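*Asks:* The following block contains the structure, expressed as structure tokens.
The values are calculated or read from the model by the stated rules, or taken from the named source; none is laboratory data. These figures come from a predicted structure and were not determined experimentally. Ideal geometry is used to build each Cβ from the backbone, glycine not excepted, and the neighbour counts take in all protein chains shown.
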Amino acid sequence: MITPKDSVLRDVSEILLRFPTAINNIKKKISYIKRIIRAVSHPGQSLSNRWIRTRNEFVRITRSIELIDVVGRPVVSNETLRAIVSQNRAVLSQVDSWLDIDTWKNSRFGYGVPERILPTLDMAVGDELTYSDLLIYLMNKLSKPIRYLEIGVSVGKNFWQVVCSQETIKAFGLDWEECSPALQERMPSLGSSSPNDSSPKTALYKKDRKEITYVTGDEFDPKTWEILTLHNSEGFNVVFSDASHSEQAILTEYERLISNNLVKDKFILWYDDLNNHEMKAAFFRIANDMRSRFGLDFRENVKLFKIQGWVGIHAPYHLNGVITSLDLSDLNKALS
């Protein structure tokens, strides 16, 4: 649960992130932040002491979280990563069309694909590392089997690469769209475990030793999380968040994961598109809460990096964040 202390931390982080570094009026910053702290802090304590403690903690957290340089890196010398990149490009090349124009037009929200991105979905992503490559690289360091949840599946490009990367996997997809035709063509259906008119709706698939559960529903709806818990009481060891891209969304996801005991001791929490101040602030709050729950170290277990996304070289870099029980202190070396 997010504590009052974390709430103060969020407010301070949001304020600091809103101020460009070029602004030198420190007194104005401090005065503005003090007003926020006065509103949310417990009474009866020295305001200056509260400010110093809160500010110092925020600065310590942000300085401890390393921004890894992944930008512009082609296929790297690490043989394990090179093999993953090669396999992922082969998997993508087997799909001629991820989303046709009619399906896009007739869907509820266009599968989260902006019109400007639509023509690039089927293009080769290039040789630079994508978040799918790095996610699978880290995922392979966890104990098997992988129990994977992707929140915001869209057409399924990242989801399908993850599924294909594992001999055995229990993969769960959550999206407010129906499972895309491109995914359905590649996953033999076992039918639905819920009525056609129900919401949320669950569809089951199986391919070899890969079990796939696809939930069509609203991530803000508690019923959605009841279904995920019902189908996977063991919890998840990998969660990839790429849905609504808002502070409220990722904090709600996190609260649901924790309250339903869906995150276990060995885990990866991965957040895509932390491109606005509110998303970054929410990420810091989650990292701080995970630190207290699982004894994480910010330098070893939490990283930020800019990296290519689902369409690779055809779009700007994505700011991603990862919180994990794995030791990431040598990740830069692995990427060299």
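*Asks:* Residues in region 202-220 that are under 19 Å from the mean Cα position of the chain (by Cα) and surrounded by fewer than 19 Cβ atoms within 10 Å (Cβ to Cβ): how many?
*Replies:* 2
*Asks:* Specify which of the listed residues (Ser154, Ser233, Ser199) is surrounded by 23 or more Cβ atoms within 10 Å (Cβ to Cβ), assigned by TED's automatic domain parsing to the domain that holds Asp96 and not β-branched (Val, Ile, Thr).
*Replies:* Exactly one of Ser154, Ser233, Ser199 is surrounded by 23 or more Cβ atoms within 10 Å (Cβ to Cβ), assigned by TED's automatic domain parsing to the domain that holds Asp96 and not β-branched (Val, Ile, Thr), namely Ser154.
*Asks:* Do we find a residue being assigned to a loop (DSSP other than H, G, I, E, B) and within 25 Å of Thr168 (Cα to Cα) anywhere in region 221-232?
*Replies:* yes
*Asks:* Go through (1) under 17 Å from Leu129 (Cα atoms); (2) touching a Leu at 6+ places or on another chain (Cβ under 9 Å) for Tyr317 and report which single condition fails.
*Replies:* Status for Tyr317: all satisfied but (2).
*Asks:* Would you please list the contacts, defined by Cβ atoms under 8 Å and residues six or more apart or on different chains, that run from a residue in region 322-336 that is modelled with pLDDT under 85 and surrounded by fewer than 18 Cβ atoms within 10 Å (Cβ to Cβ) to a residue that is part of a helix (DSSP H, G or I) and charged (D, E, K, R)?
*Replies:* Ser329/Arg299; Ser329/Glu300
*Asks:* Can you tell which of Glu226, Glu234, Glu253 is under 12 Å from the mean Cα position of the chain (by Cα) and among the charged types (D, E, K, R)?
*Replies:* Exactly one residue qualifies, and that residue is Glu253.
*Asks:* Criterion first (assigned by TED's automatic domain parsing to the domain that holds Asn237, under 20 Å from Ala249 (Cα atoms) and β-branched (Val, Ile, Thr)) does Ile323 satisfy it?
*Replies:* Criteria met by Ile323.
*Asks:* Would you point out the residue of region 87-106, among those that are surrounded by fewer than 17 Cβ atoms within 10 Å (Cβ to Cβ), among the polar types (S, T, N, Q) and touching a residue at least 60 places away in the same chain (Cβ under 8 Å), that is farthest from Asn320 (Cα to Cα)?
*Replies:* Among them, the one singled out is Ser97.
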